[in-house]
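Everything on this sheet refers to the single structure shown next.
Values quoted throughout were computed directly from the atomic coordinates according to the rules given, and no laboratory measurement underlies them. Just so we're clear, the structure is a prediction, and the values are computed from it rather than from any experiment. Positions of Cβ are backbone-derived with ideal geometry, glycine not excepted, and every protein chain shown enters the neighbour counts.
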Amino acid sequence: MARILMLVRTNPYVEASIMKVRNRKAWLSMLMGTGLYLLDPLRNRLTERLDDLTDRAQDTYETASDRLGRATRVIRGDDNRGISTTSAVLIGMGVGVGLGLLFAPATGEETRSNLAGKVHDFGDKIRDRAANTATGTNY
């Protein structure tokens with residue numbers, strides 16, 4: 001008897017529309033789940049890239065801040081790094097000249113005479129320029 005009542009109470013059109021709604025919900029749920037599953041690794045990669053970008057921006061800011069602070073100290077005269085750099089360059093040049101003289105293929109006498117000649121030529125150039133500057137003539 002319950003079977004007969006059930007058949008009498010069911011409307012095939014209503015049941016069909018309910019099944020369509022259930023199927024749509026199931027399909028939407030499945031599609032959303034699949035989409036979230038596929039987007040999860042992308043979310044993780046985007047998070048890592050954002051962290052990398054943040055770290056890079058922080059490093060760039062710190063570098064710029066350090067350079068600006070150093071420039072400010074140099075302008076104010078609080079930083080003596082320029083003097084130490086200049087002295088290091090001059091010491092390096094001196095060591096280079098000394099090593100060049102030690103390992104030169106010419107004998108000591110030839111090297112000394114070459115150096116003396118170059119110093120004499122350099123002195124002549126300086127004297128000529130000083131004389132031209134004093135008289136007002138230029139090259």
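For the reader, a short list of remarks on this structure follows.
- Cβ-Cβ distance of Asp59 and Thr34, R₀ of 41 Å, FRET efficiency by 1/(1 + (r/R0)^6): the value works out to about 0.55.
- Hydrodynamic radius (Kirkwood) for the stretch 82-139, which is based on Cα pairs only, to one decimal in Å: 14.2
- Within the same chain, aspartates and glutamates fewer than 8 places from Lys25 are excluded, and of the rest, those with a Cα less than 20 Å from its Cα are Glu15.
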